[in-house]
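S.K.: One structure, pasted below without further comment.
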Amino acid sequence: MNLKDGLIARIATHGPITVADYMAEALLHPVHGYYTTRDPLGAAGDFTTAPEISQMFGELVGLSLAQSWLDQGAPAPFTLAELGPGRGTLMADILRATARVPGFHDAAQITLIEASPALQDEQRGTLDGFDITYVHAADHLPDAPLWLVANEFFDALPVRQFQRDGTGWRERCVGLSDNTLSFGLSPAAPQAMLEHRLEDTEDGQLVEICPSAAPILSAISTRIETHGGIALIIDYGDWRSLGDTLQALQDHNTVDPLADPGQADLTAHVDFEALTQAAAPAAFSRITPQGVFLERLGITARAQALAAKLDGSALDAHIAAHRRLTHPDEMGNLFKVLGLFPTAAAPPPGLER
Ligand code: SAH
């Protein structure tokens, strides 16, 4: 039975499921899940991420990680971690860019968190020659100094959606209509976790919460505050969630999220305010547009140095990639960077307190 028929049968028997349950099934079902079964990235896949656009992204992220490691006294050993490494491109670029930072590679214990067996295989190939360890979840990361990056990881975590109704909320669910999947609303009920959103929302407006984000943030933050380190969280979204941002992408086009579960990428915008609320005990930076972050780290100089060695269509593609990563009309503004760092340390290069 395919995933859609399986979900229809389950809902017919047990009733509607939350949007979060639907996302979890569609993305990570052990047999039919979107990430479980494929490499979705790149031109031939469904979507493209910053590290797949240009090597400059990972090089500059690597620079920020290595400089903050030096600034914090170059602790050894330390965990060099990535959440949701995709094809392993970002980590490979980080490692290439930091190869000449004295002691960095020797001290780094590369640790990845990746739910997809298909992508784990790809990562092992990309990172061939490096010792890598997988852990299942952030609370399994070693109790050690932690330098961590997560690019487009939090947007893949399941969200619940709630529509305001008076002083209560109706949860958006996936149920059945005409024997196929369709969105519906549960009866209104008060929601303690949305009490603070009664101030800034009106009847009918929709807000999203990502229940799995806070425990991940707090596991990372505790290690950083206790042992030193930083986290760079890069994703699309804004300060506070408002509106339905659930999006399905297939073959670089937006499609109906319920049409073909397991065949399309599902994401939701990241609520950065919610991440900062879970960021204690470590300190957190201002959320910074990706374009600003990369400019501060010197992407223009790096782009010029690379351009000097290119011509023709390779040069055109390189110029387009630089623009795509940084321009406010492209990824420069939609994508934001949040840094975590010890309360007694400075924020990592590229970010401010
Ligand atoms: N960071 C990469 C890939 C982003 S796609 C890049 O920038 O190119 C999202 C990644 O997170 C994929 O590797 C996906 O398999 C992984 N992922 C999604 N949900 C996950 C979860 N709950 N636990 C671990 N990995 C997850």
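S.K.: ³J(HN,Hα) across region 100-117 via Karplus (A = 6.51, B = -1.76, C = 1.60, θ = phi - 60°), whole Hz, x for Gly/Pro?
M.R.: 9, 7, x, x, 5, 5, 4, 7, 7, 9, 6, 9, 10, 10, 8, 7, 9, x
S.K.: Under a 5 Å amide H to amide H cut-off, with H placed in plane at 1.01 Å, what residues pair with Cys173 once short-range neighbours are removed?
M.R.: Result for Cys173 returns Gly184, Leu185, Ser186.
S.K.: In whole Hz, with x marking every Gly and Pro, tabulate ³J(HN,Hα) for region 23-37 from phi via Karplus 6.51 cos²θ - 1.76 cosθ + 1.60, θ = phi - 60°.
M.R.: 4, 4, 5, 5, 8, 10, 3, x, 9, 10, x, 4, 6, 4, 9
S.K.: If amide hydrogens are placed 1.01 Å from N in the peptide plane, which non-local residues have theirs closer than 5 Å to the one on Ala108?
M.R.: Answer set, sorted by chain and number: Phe78.
S.K.: Cα centroid distance between region 220-273 and region 1-64, in Å?
M.R.: Between the Cα centre of region 220-273 and that of region 1-64, the gap is 11 Å.
S.K.: Then there's this: If packing is taken as the average count of other Cβ atoms within 10 Å, what order do 34-43, 49-58, 136-145 fall into, highest mean first? Let's see the in-between values first.
M.R.: Values: 34-43: 17.8, 49-58: 22.4, 136-145: 15.7.
Ranked from most to least packed, the peptides come out as 49-58, 34-43, 136-145.
S.K.: Of Ala118, Ser218, Phe341, which is farthest towards the positive pole of the chain's charge dipole, taken about the Cα centre with +1 and -1 on the beta-carbons of Lys, Arg and Asp, Glu respectively?
M.R.: The listed residue farthest towards the positive side: Phe341.
S.K.: Full extension from Arg240 to Asp121: what is 0.36 nm times the residue separation minus their Cα-Cα distance, to one decimal in nm?
M.R.: Numbers: separation 119, 0.36 × 119 = 42.84 nm, distance 3.57 nm.
Fully extending the segment from Arg240 to Asp121 adds 39.3 nm.
S.K.: Could I ask something else about it? Highest first, please rank the peptides 271-278, 332-339 by the mean number of other Cβ atoms sitting within 10 Å of their residues. Don't skip to the end; give the middle numbers.
M.R.: Numbers: 271-278: 18.8, 332-339: 21.9.
By packing density, highest mean first, the sequence is 332-339, 271-278.
S.K.: Another question, if that's okay. How would you order 86-95, 70-79 from highest to lowest mean count of nearby Cβ atoms within 10 Å? Walk me through the intermediate numbers first.
M.R.: Working: 86-95: 23.7, 70-79: 15.9.
Highest mean packing first, the order is 86-95, 70-79.
S.K.: Now a separate question. Hey, if we sort Arg353, Arg170 by accessible area with the 1.4 Å probe, largest down, what's the order?
M.R.: Of Arg353, Arg170, the descending order of accessible area is Arg353, Arg170.
S.K.: What does the convex hull of the alpha-carbon atoms of region 243-295 project to on average, in nm²? Display every interim value, and only then the final one.
M.R.: Numbers: hull surface 23.6 nm².
Mean shadow area of the hull around the Cα atoms is 5.9 nm².
S.K.: A further question follows. Please state, as a whole number in µm²/s, the translational diffusion coefficient that the Stokes-Einstein equation yields for region 221-353 at 25 °C and 0.890 mPa s, with Rh defined as the Kirkwood radius across alpha carbon pairs. Display every interim value, and only then the final one.
M.R.: Numbers: Rh = 17.0 Å.
Answer, rounded: 145 µm²/s.
S.K.: Same structure, new question: Does anything in region 183-224 have its amide N under 17 Å from the 7 Å Cα→Cβ label point of Thr343, and if so which residues?
M.R.: From region 183-224, the list is 218-224.
S.K.: Among DSSP beta bridges whose residues both lie in the chain, state the antiparallel percentage, nearest 5.
M.R.: Values: 33 of 56 bridges.
DSSP beta bridges in the chain are roughly 60 percent antiparallel.
S.K.: Let me check against my output: what whole-number percent is the relative contact order of region 138-281, with C-alpha pairs under 8 Å and at least 6 apart? Display every interim value, and only then the final one.
M.R.: Numbers: 248 pairs, mean separation 45.1, N = 144.
It comes to 31 percent, rounded to a whole number.
S.K.: Here's a follow-up. Could you order Asp235, Asp5 by accessible surface area, starting with the largest, using a probe radius of 1.4 Å?
M.R.: Descending accessible area places them as Asp5, Asp235.
S.K.: Quick one: putting +1 on the C-beta of Lys and Arg, -1 on the C-beta of Asp and Glu, what dipole do you get for region 250-311 around its Cα centre, in Debye to the nearest 20? Provide the component values of the computation, followed by the final result.
M.R.: Details: 4 positive and 8 negative charges, 116 e Å.
Once rounded to the nearest 20, the dipole reads 560 debye.
S.K.: Relative contact order (percent) for region 222-292, with alpha-carbon contacts under 8 angstrom and 6 or more residues of separation? Write down the numbers at each step before the final one.
M.R.: Numbers: 68 pairs, mean separation 25.4, N = 71.
Reported as a whole number, the value is 36 percent.
S.K.: Only Lys, Arg, Asp and Glu count, each charged at its Cβ (+1, +1, -1, -1), so figure out the dipole size of the chain about its Cα centre, rounded to 20 debye. Can you show the working numbers first?
M.R.: Values: 22 positive and 45 negative charges, 136 e Å.
Value, rounded to 20: 660 debye.
S.K.: What relative contact order, as a whole-number percentage, does the chain give when Cα pairs under 8 Å and 6 or more residues apart are counted? Please report the intermediate quantities before stating the final value.
M.R.: Numbers: 723 pairs, mean separation 70.9, N = 353.
Relative CO of the chain lands at 20 percent.
S.K.: How much net charge surrounds Ala345 when only other residues with a Cβ under 15 Å from its Cβ are counted (Lys, Arg +1; Asp, Glu -1)?
M.R.: Working: positive: Arg223, Arg353; negative: Asp71, Glu225, Glu352.
Within the 15 Å Cβ shell, the charges total -1.
S.K.: Where does the charge balance sit around Ile234 when Lys and Arg score +1, Asp and Glu -1, over other residues with C-beta under 9 Å from its C-beta? The partial results should precede the final answer.
M.R.: Details: positive: Lys336; negative: Glu152, Asp235.
So the environment of Ile234 carries a net charge of -1.
The values are calculated or read from the model by the stated rules, or taken from the named source; none is laboratory data. The structure displayed is predicted, hence computed values, not measured ones. Don't worry about glycine lacking a Cβ; one is built from the backbone with ideal geometry, like all the others, and counts go over all protein chains shown. Ligands, DNA and RNA are stripped out before the accessible areas are found, and what is left, the full protein with its side chains, is counted by its heavy atoms. Shrake-Rupley method; radii C 1.70, N 1.55, O 1.52, S 1.80 Å.
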